[in-house]
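Encoded as structure tokens, the structure appears first; notes follow it.
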Amino acid sequence: MSPQRQYISGVLAILVSTVVFVIPFIFILLTALKDKKEASLRTFSWPTSFHIWDNLVQVIKARDYMLLTAFVNSTILTVASVALMVVFGAMVGFVLQRRPSIWTSIAGFFVLVGLIMPPAVVPTIWVLQSLGLFKTLHGMILIEVAYGLSFSILLFRAFVATIPRELDEAATIDGAGSLQLFFRIILPLLKPVVVTVIVVQSVAIFNDFTNPLYYLPGKQNVTVQLTLYNFQSMFDTSYNLLFTNVLLITIPPLIVFLFFNRQIVAGMTAGAVKG
Amino acid sequence: MTLATDAAAGRPSVPRRSIRTPYPTWFFLPAAVIYGVLFLFPTLASLFFSMTRWTLFNWTFIGFGNFIQFFNEPFLVGGLINTLIYATLTSGLKVVLGLLFGVLLTSEIWARDYLRSVVFFPVLVSTVGVGITFTVLMHPTEGLINESLALIGVRGPGWLTDPRLALISVALVDVWKGVGLATVIYIAGIVSIPRDYYEAARIDGTNSMQRFWNITLPLARPATVTVVLLSLIGGLRSFDLIWSMTRGGPGFTSDVIASVIYKQYQAGFYGLSTAGNVVLFILVALIIVPLSIFLNSREVSR
């Protein structure tokens, strides 16, 4: 490209991408700054006076501090399910890669099924109910693990392939059992992909709306995404509060994005370059 | 077990305990139990319960009654068709735009890192948040989109209120949110193409369009396969964006199978809801399995 064309296309790209991708976020921010009356106009304008603090207090206090409960629940859900997913997923990925046999190919098939197939909702509720896990955070954690395992296993399996087998053999000759080998040798070496799995799955689970909607109904169990959904009708006319809430739940992914952009992209593009 | 016997043959004197494979099958156990109980078993059970009238506590077997009802109710069949439209539209647009952005963002364009971040960030944002924001932006008279269009003298449509447009509008928002993922997948694919090919082609006197069609497009094929499959899988089971924007309305014009499943569940028709779920399984399997076999079989040799 000639320098002049490069200049023009660059400016054009920045302009178009800003209008299309950035303005909606600025709109969220501006509306969250306004008072109720001004926000109800839903215009893209600079606020005449700033009310972000009032809005924050009101949103947090709404419905008996529901948002705080939701943040606590979402945090527990995310941390617990990601932790289980990492350990169990890495164990499967390790053996899947190291020990090809008829059983591992069957397991591989189920991994793909889990990746592609949507879950059967009502029968899952039925199972949860008979186990006494329906409407409990424990049940929800296990559900997220079950749904997220497939993707984690695939990432782990691909990464285990890069760890030389000689390492396993050396550890085994030195007397390490399979548990020691896995937890003390392999898992520490998996650190980069562990970080990727943690980041990608945390964002997915934190943002999950559909599964808590089905499996975790009830006021005590509310998660962050559901508060937003509940407030949508409650704040029907209070756009300032609605958008303050949107702003609040956009902050965690923004922080993740700023610190872990590289790992997220690595995890999400894992399937793109084969052979 | 072959591994264990090999090891034993090599070192016959080691005690039995350490001959065991260091890769025990029981490592599958925790994952298998969770997956089996909470995913696989309900999936298999759904095949049975889709043929019942079901209250979660007891059931009456009614054969294919739910499926007959499903395919006789116009709005349920409409949900099926809408699912196909939605998945095809979002997947197609993500491929085209993702490839375009991918090529643009691997070229020597200004502010490349800014552009990549801006396009990718919506992928990480809550779908419900995006849905709520765009519902406000797409308001027929007071929304920012139509107000901006009015400034240049265009009368914007009722994006979410026009029955013919609602589904497409939601699909467009889906593309807005998801195109960043397609873009980074294409960027990874394009970056992995050896630079020498472009150099050689340039020496042969090709122009940039020819290089795109003959080098980038065929060699970015793994990326295309990934984007097509990922976005189709996502599109076919999409629920949260549609639910937060239109709830399937106006009427049933933007209902998809996933929202039908939720509505029937809410109404207490558990058997019918599960039948919808089975229809969704079959649809996903019928589209994704042959497509992935077809797409993966025609790998380009480098």
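Observations on the model:
- Cα-centred dipole magnitude for the protein assembly as shown, charges only on beta-carbon of K, R (+1) and D, E (-1), debye, nearest 20: 680
- Inter-site label distance for B:I85 and A:T18 at 7 Å from Cα along Cβ, in nm: 3.7
- Farthest positive-ward along the protein assembly as shown dipole, Cα basis, beta-carbon charges - from A:L154, B:F120, A:L115: A:L154
- Only helices enter the 222 nm calculation for chain B: every DSSP H run of n ≥ 4 contributes -39,500 (n - 2.57), and dividing by all residues gives -20500 deg cm²/dmol, rounded to 500.
- Working note: Karplus 6.51/-1.76/1.60 with θ = phi - 60° gives the range A:113-121 the couplings 4, x, 6, 9, 6, x, x, 7, 5 Hz, where Gly and Pro are set to x.
- Comparing B:W213, B:S107, B:T161 along the charge dipole axis of the range B:87-235, the residue lying farthest to the positive side is B:W213, per the Cβ-charge model.
- Rounded to the nearest whole Hz, the Karplus-based 3J(HN,Hα) values (6.51 cos²θ - 1.76 cosθ + 1.60, θ = phi - 60°) of the range A:258-265 follow the sequence 5, 9, 10, 3, 4, 5, 4, 4, with x at glycine and proline.
- Under 22 Å of direct C-alpha separation, and excluding same-chain neighbours fewer than eight residues apart, A:K34 reaches these lysines: A:K61.
- Bridging of B:K94 to lysines at a Cα separation below 28 Å is possible for A:K274, B:K177, once same-chain residues fewer than 8 apart are set aside.
- Size of charge dipole - chain B - debye, nearest 20, with Cβ of Lys, Arg +1 and Asp, Glu -1, no other charges: 840
- Three-way shape label, chain A, alpha-carbon gyration tensor, a/c 1.5: oblate
- Once backbone amide H atoms are built at 1.01 Å from N, B:T52 has B:I62 as its partners under 5 Å, excluding neighbours fewer than 5 places away on the same chain.
- Cα-projected label distance for A:S40 with A:E166, points at 7 Å along beta-carbon direction, nm: 7.5
- Electrostatic dipole magnitude of chain A [Cβ: Lys, Arg +1; Asp, Glu -1; Cα centre; debye, to 20]: 260
- The protein assembly as shown: C-alpha gyration tensor shape, a/c 1.5 cut-off, then a/b vs b/c: oblate
- Label positions at B:T161 and A:R262, each projected 7 Å from the Cα along the C-beta direction, are separated by 5.0 nm.
- Positive dipole terminus of chain A, leading residue within A:F71, A:F25, A:V199 (C-beta point charges): A:F25
- Computed FRET value (nearest 0.05) for A:K219 with A:I26, which takes r as the C-beta separation and R₀ as 35 Å: 0.55
- Rounded to the nearest whole Hz, the Karplus-based 3J(HN,Hα) values (6.51 cos²θ - 1.76 cosθ + 1.60, θ = phi - 60°) of the range B:187-195 follow the sequence 4, 4, x, 5, 4, 7, 6, x, 4, with x at glycine and proline.
- Distance from the range A:193-253 to the range B:232-302 (C-alpha centre basis), Å: 22
- For chain B, a/c is not less than 1.5, where a ≥ b ≥ c are the root eigenvalues of the C-alpha gyration tensor, and a/b does not top b/c. That puts it in the oblate class.
- Here the range B:149-209 and the range B:54-79 have alpha carbon centers that stand 39 Å from each other.
Read-outs: derived from the displayed coordinates by stated rules, not from any lab. Keep in mind that this is a model prediction, so the values were computed, not measured. For neighbour counting, all protein chains shown are included, and Cβ atoms are generated from backbone atoms with ideal geometry for every residue, glycine included.
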